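Below: one structure in structure tokens.
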Amino acid sequence: MIRIALALALMLAFGHEASAAPRLKELVTVSSEIVRIGDLVEDAGAAADVPVFRAPDLGQTGAVQVARIADALRPYDVTGFDTGGLSEVVVTRLSRALTGKDITDRIARAFAGQYGFGDAQNIGVVLDRDIRILHIEPSASADLVVSRMNVEPRTGRFDIVFDVPGSALSRRGLRFTGTVSETVEAATLTRALRLGEIVKASDVTVERRPKSEVRGEGMAASQAIGLAAKAPLRNGQVLRNDDLIKPQVVGRNEAVTIYYSVPGIMLTVRGKALEAGAVGDVVGVLNIQSNRSIQATVIGPGRVSIAAAGPLIVSSATPDSEESTPPRTQ
């Protein structure tokens, strides 16, 4: 009697776990194009390898209603499984994802050292169609292999086909068309600039651009800061030396102060700039007091200076004259 009671106790303690019903999985990942019973149900037993559904496309996710799963499993005597209160099962097909950058980088490597191109890092590739993500089988881990490649050297137009070892895509290959070009680092604008507007550090960045876009003599980003636009410039434009000038601090017909100094003496006279100029430029200036034109060097906003030998002619000044400063001894 004691032995029977002990046996019943052991059955109650462990029997439920031993005879637990197969349990439905909530999240399923598969690597093949077929979903099998064992992918959907834990402890499916002999029926685990039986295919029941087609998997989603590579890299995609789909949901299967529990009722559909029950109908599909019934012919294989997989019944009474624990659904865990689920209404659907989410199935994801694994993949190896190739981004557009992965593809363009591989194309650049294919052209490196070919057709007159240099290193891959200096080759720019523009595809005819945008590629967000291309999914292939996760088992196809090898690099893409070039099976055919053509390029028109004058225009850079290319046509390239890759084989994908270990992938069903190898039957037809991956074909891409576009344009390939040699690139260089160039200073480019991050916003449009008006005529005469000063370039700030935030206005310029460094990008790789096709060498054909960098016409004339390019410049470093650090060289552009503090210079002014010689003409209106558009956002994204590659900067050249001819595009920028030193900012003008004296405008044409602007009133200026003319400075004349020799050791121990400094005179200032009112004048009018006959030309615009930046600091360091030599411009024509009209001495209003003598009504004669002279050449002066721009030294700051509204200020110009003439050398000691310059032809500054000052008429007799009256004590209350605003056009000259009495000599002062240094």
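The values are calculated or read from the model by the stated rules, or taken from the named source; none is laboratory data. Just so it is clear, the model here is predicted, and its values are computed rather than measured. Don't worry about glycine lacking a Cβ; one is built from the backbone with ideal geometry, like all the others, and counts go over all protein chains shown.
Looking only at the range 28-37, decide whether some residue is at pLDDT 95 or above, in a strand (DSSP E or B), outside the structural domain of Thr177 (by TED's automatic domain parsing) and over 22 Å from Gly166 (Cβ atoms).
Yes, the range 28-37 contains at least one residue that is at pLDDT 95 or above, in a strand (DSSP E or B), outside the structural domain of Thr177 (by TED's automatic domain parsing) and over 22 Å from Gly166 (Cβ atoms).
Yes/no per residue for (1) assigned by TED's automatic domain parsing to the domain that holds Val41; (2) more than 25 Å from the chain's Cα centre (by Cα); (3) touching a residue at least 12 places away in the same chain (Cβ under 8 Å); (4) not in a helix (DSSP H, G or I):
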{"site": "Asp71", "(1), (2), (3), (4)": "yes, yes, no, no"}
{"site": "Pro75", "(1), (2), (3), (4)": "yes, yes, no, no"}
{"site": "Gly80", "(1), (2), (3), (4)": "yes, yes, yes, yes"}
{"site": "Gly84", "(1), (2), (3), (4)": "yes, yes, yes, yes"}
{"site": "Thr104", "(1), (2), (3), (4)": "no, no, yes, no"}
{"site": "Arg109", "(1), (2), (3), (4)": "no, no, no, no"}
{"site": "Gly113", "(1), (2), (3), (4)": "no, yes, no, yes"}
{"site": "Gly116", "(1), (2), (3), (4)": "no, yes, yes, yes"}
{"site": "Val126", "(1), (2), (3), (4)": "no, no, yes, yes"}
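Right, something else. It is to be established whether one or more residues within the range 274-291 are exposed (fewer than 14 other Cβ atoms within 10 Å of the Cβ), within 27 Å of Leu193 (Cα to Cα) and among the acidic types (Asp, Glu). If you could, list the steps in order and put the result at the bottom.
Initial filter on the range 274-291 (exposed (fewer than 14 other Cβ atoms within 10 Å of the Cβ)): 280, 282, 291.
Next, from what is left, pick out any that are within 27 Å of Leu193 (Cα to Cα): 280, 282.
From what's left, among the acidic types (Asp, Glu): none.
No; the residues of the range 274-291 include none that is exposed (fewer than 14 other Cβ atoms within 10 Å of the Cβ), within 27 Å of Leu193 (Cα to Cα) and among the acidic types (Asp, Glu).
Right, another one. From the list Val91, Val151, which residue is in contact with a helix residue (DSSP H, G or I) (Cβ under 8 Å, 6 or more places away or on another chain), aliphatic (A, V, I, L, M) and modelled with pLDDT of 95 or more?
Details: Val151 fails: modelled with pLDDT of 95 or more.
Exactly one residue qualifies, and that residue is Val91.
Restricting to the range 130-157, name every residue that is part of a strand (DSSP E or B), within 15 Å of Gly178 (Cβ to Cβ) and in contact with a Ser or Thr (Cβ under 7 Å, 6 or more places away or on another chain).
Listed by number, the list holds a single entry, Arg157.
Looking at the range 248-262, can you tell me whether even one residue there is at pLDDT below 90 and at positive phi?
No: zero hits.
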